[in-house]
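Each remark here refers to the structure printed beneath this line.
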Amino acid sequence: MGQQHCGCGPCDKDEGETAGKVDDVGRSGYALDKAAEETIFEPPNAPFALKDGRLQPDQALVDALASSLEDAKSAVSKAWAKFRGEFGVQVSIWGSLAIGSQRGDKTKKQGRDEAKRGIEAALQQFETDPFEAANSLEETLKGPAAGALNNATLAAAKQIQIKTTQASRREELSTLLSQKDAAVKMAPLHLERLIEECGFENADLESSVRSLLEMTRGTLSVEQ
C-alpha cells in the first residue's frame with residue numbers, strides 16, 4: 001500500500017515512526033562503541049570510578065571500608081573485655097587450688113605464675129597498643145602458661161587473635177586501596193589471603209572489594 005494521507009500531506013505519525021526506526025538502526029559505530037565502553041568500565045553503581053585514567057574506589061566503598069574497620073576495632077576491645085573477665089575467674093580458681101594443693105607441686109605453680117605475669121603484662125599493654133598486646137599474649141600462650149589456663153580463658157584468648165587479625169587486615173586493605181599501584185605489585189595468593197583474613201561480615205562489601213582489586217590489577221597490568 002502507498003503512504004497514507006490525512007488530506008493535507010504526509011501523516012505526522014508515519015514520519016515520527018520512520019524517523020525513530022532510522023535513528024535506532026543508523027546510529028554511528030562510534031556511538032555504539034562508546035556506549036559499550038561505558039557499560040564495561042563504568043557500570044551503574046560500580047564500586048569504583050575512572051579518575052585520571054585509573055580505577056579508584058568510590059566514596060561509598062571508602063566509607064563502607066572505614067566503617068568496617070571501626071567495627072573490627074570495636075570487636076577487638078570487646079574480645080579483650082571478655083578475656084579479662086575469664087582470666088579473673090581463672091585467677092580465683094588458682095587461689096582456691098593453692099589453698100588445698102600439696103607442697104612440691106612446683107611445675108603447676110610455675111605455669112600459673114608465668115601465665116599470670118604474661119597475661120597481666122598484655123592486659124596493661126592493651127591500654128596503649130592493642131595490636132602489640134595481642135602479640136605479647138600469643139607469645140605467652142606458646143609456653144607452659146597455656147597448660148595452666150582453663151578452656152574458657154583459652155577460647156577468649158583465641159577470639160582476641162581472630163578479631164585483632166581482622167582489624168589489622170582491614171586497615172592494611174584500606175591503605176592498599178589508597179595507593180595507585182599497590183594491588184598489581186602484590187602476589188595474587190597474598191591478595192586473596194588478605195581479603196579472606198579481613199573476615200567481612202557483609203558479603204556485598206567483600207564482593208565490591210574483590211571487583212575493584214581485580215579491575216585494578218587488570219588495568220595496571222595492561223599499562224605496564
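Of the cross-linked pairs 108/158; 106/158; 73/109; 116/158, those separated by over 24 Å at the C-alpha level are 106/158; 73/109. The distance linking the range 60-87 with the range 124-165 is 16 Å (Cα centroid to Cα centroid, whole angstrom). Once the C-beta distance of residue 59 and residue 123 is scaled by a Förster radius of 35 Å, the resulting FRET efficiency is 0.35 to the nearest 0.05. Cβ-Cβ distance of residue 154 and residue 197, R₀ of 25 Å, FRET efficiency by 1/(1 + (r/R0)^6): the value works out to about 0.75.
Selection among 143, 89, 123 by position relative to the dipole of the range 73-161 gives 89 as farthest towards the positive end (Cβ unit charges, Cα centre). Peptides 87-97, 67-77 ranked from most to least packed, by the mean per-residue count of other Cβ atoms within 10 Å: 67-77, 87-97. Can you list the residues, at least 5 places off or on another chain, whose amide H is less than 5 Å from the amide H of residue 149, using H built in the peptide plane? For residue 149, whose amide H was placed from the backbone, there are no distant partners under 5 Å.
Rule-based calculations on the coordinates, nothing more; no lab input. As the structure is a computational prediction, the values presented were derived from the model and not from experiment. Cβ coordinates were reconstructed from backbone atoms using ideal geometry, including for glycine residues, and neighbour counts include every protein chain displayed.
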